[in-house]
Amino acid sequence: MLCLGLNHQSTPVAIREKFSVPKTRLAEAGAALRALPGVEECVLLSTCNRMEVYFWSDAPRESTAAILRHFSLHAPFPDALGSYFYIKEGTDALRHLCRVVSGLDSMVLGETEIFGQVKEAYSAALAAGLTGGRANRTFQHVFTIGKKVRSSTKITVGPTSVGAVAVQMAGNILGGLDGARVLMVGAGEVSRATAKALKSRGAESIFVANRSYDRALALAREIGGRVIRFSDWVGYLLQIDIVIVSTAASHYIVTPGLLHHVQEMRRERPLFLIDLSVPRNINPECSHIGGIHVFDIDTLHLLAAETRKNREKEIANCERMIDTWLFENAPELLGDAHHPDI
């Protein structure tokens with residue numbers, strides 16, 4: 001068992017977004033990896049904070065090199081590819097997967113979304129025939145320890161999503177969210193979690209725009225917000241204080257050209273843009289416009305560090321649970337050669 005990947009700790013978002021894979025293409029992209037020499041089973045995981053390949057091979061060096069060559073075709077700096085990617089093997093790979101599903105390797109310690117994202121990635125690989133006995137046993141066992149860690153510790157106390165941290169940051173910027181007017185561009189799971197956090201923090205005027213009007217309408221009804229047509233959201237910027245963008249678009253949908261005219265009409269009144277998308281949907285150059293403040297997903301890392309500090313004491317409890325689980329299960333899943341020395 002091996003894991004090759006990059007995440008928010010090893011790689012900035014400007015590089016991560018080059019390797020991001022939409023949820024709808026996980027099976028297709030995973031199949032391309034499965035077809036590489038030496039790769040016998042694989043599961044591809046891609047979120048806003050990581051892109052990882054969990055794979056099984058009897059020729060680890062050859063298969064790892066093949067995957068890196070495959071990714072180098074999309075790399076902005078192919079020669080520096082090795083400095084971004086990490087590779088873990090055997091017990092280290094299994095421990096890493098346990099930490100990921102438990103929320104210990106997330107930007108927001110204890111985040112809840114990652115468990116579902118790993119399950120979706122595994123389900124996509126299973127349905128596409130990319131997994132076999134080794135991958136299936138491993139993921140099914142790991143989901144069990146992930147649930148146990150979350151339910152038996154306080155690792156999920158406090159903000160547990162990137163969206164919740166974004167809302168906390170927005171509240172800090174504005175000195176509270178009472179009376180703040182917020183525009184949500186996107187109506188996926190991240191937007192849903194963010195909108196709920198906004199509502200719980202006192203935001204009352206929340207507008208929702210999405211390419212699928214029905215999804216935007218459903219989210220707006222759920223939070224007591226107002227739905228607007230996706231084609232109309234730019235016009236609403238004149239009355240908005242905070243824009244939170246989280247869509248599956250592979251390009252910038254908020255650009256300097258779009259905002260220059262808006263800010264002239266707003267008379268440079270502050271506008272805060274929070275980009276939770278990977279690839280990013282807000283051009284970083286927008287921050288050069290007077291009154292415009294742009295925060296991307298890496299900006300949230302500093303605020304998330306405060307949450308991590310508050311939960312530090314729970315990490316040791318979680319790690320002990322994972323180590324005990326590894327001692328009991330690694331021999332069966334990996335073979336005696338990878339029995340952890342604990």
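Coordinate-derived values only; no laboratory data. Everything numeric in this text was worked out from a predicted model, so none of it was measured. Note that each Cβ is placed from the backbone with ideal geometry, even for glycine, and that neighbours are counted across all protein chains shown.
Over the chain, calculate the relative contact order: mean separation of alpha carbon pairs under 8 Å at least 6 apart, over the residue count, as a percent. Provide the component values of the computation, followed by the final result.
Numbers: 597 pairs, mean separation 58.4, N = 342.
Dividing the mean separation by the residue count of the chain yields 17 percent.
Quick one: 3J(HN,Hα) in Hz for region 273-282, Karplus 6.51/-1.76/1.60 with θ = phi - 60°, rounded, Gly and Pro as x.
In residue order, the calculated couplings are 10, 10, 9, 9, 8, 9, x, 5, 9, 10 Hz.
Quick one: putting +1 on the C-beta of Lys and Arg, -1 on the C-beta of Asp and Glu, what dipole do you get for the chain around its Cα centre, in Debye to the nearest 20? Show your work: numbers first, answer last.
On the way: 37 positive and 36 negative charges, 185 e Å.
About 880 debye.
Please report the net charge: other residues with Cβ closer than 9 Å to the Cβ of Asp105, K and R +1, D and E -1. Intermediate values should be presented prior to the final figure.
Numbers: positive: Arg50, Arg99; negative: none.
Charge balance near Asp105 sits at +2.
Could you work out the local net charge near Ala59, counting Lys and Arg as +1, Asp and Glu as -1, over the other residues with Cβ closer than 14 Å to its Cβ?
Net of charged neighbours comes to -4.
Using helices alone, I'd like the mean residue ellipticity at 222 nm for the chain: each DSSP H run of four-plus residues gives -39500 (n - 2.57), total over residue count, nearest 500.
Values: 13 runs with 160 residues, N = 342.
The helix contribution divided over the chain gives -14500 deg cm²/dmol.
When only Cα pairs under 8 Å and 6 or more residues apart are kept, what is the percent relative contact order across region 247-291? All intermediate terms of the calculation are to be shown ahead of the outcome.
Details: 46 pairs, mean separation 26.7, N = 45.
Once normalised by length, the contact order is 59 percent.
Determine the relative contact order of region 180-256: mean sequence separation of Cα pairs under 8 Å and six or more apart, normalised by residue count, in whole percent. If you can, show how the numbers build up before the last one.
Working: 120 pairs, mean separation 31.2, N = 77.
Dividing the mean separation by the residue count of region 180-256 yields 41 percent.
Sorted by mean Cβ packing within 10 Å, highest first, what order do the peptides 186-197, 206-217, 144-155 take?
186-197, 206-217, 144-155
How far, in nm, would the chain grow between Glu120 and Thr144 when pulled straight, counting 0.36 nm per residue and subtracting the alpha carbon separation?
7.1 nm is the gain from fully extending Glu120 to Thr144.
Over 30 Å between Cα atoms, which of Lys88/Lys119; Lys23/Lys148; Lys147/Lys313; Lys88/Lys199 qualify?
Beyond 30 Å: Lys88/Lys199.
Once you place label points 7 Å from the Cα toward the Cβ at His293 and Lys154, how far apart are they in nm?
Once both label points are built, they end up 3.1 nm from each other.
Net charge near Met1, counting Lys/Arg +1 and Asp/Glu -1 over other residues with Cβ under 11 Å of its Cβ? Intermediate results must be reported in sequence, preceding the final value.
Numbers: positive: Lys88, Arg95, Arg134, Arg137; negative: Glu40, Glu41, Glu89, Asp92.
Combined, the nearby Lys, Arg, Asp and Glu give 0.
Tell me the angle of helix 60-72 to the major Cα principal axis of the chain, expressed in degrees between 0 and 90 and rounded to the nearest ten.
20 degrees
How far is helix 133-152 tilted, in degrees, relative to the longest principal axis of the Cα atoms in the chain, given as a value from 0 to 90 rounded to the nearest 10?
Orientation of helix 133-152: about 60 degrees from the principal axis.
Relative to the first principal axis of the alpha-carbon coordinates of the chain, what is the inclination of helix 312-334, with its axis defined by its Cα atoms, in degrees from 0 to 90 and to the nearest 10?
With rounding to tens, the tilt is 40 degrees.
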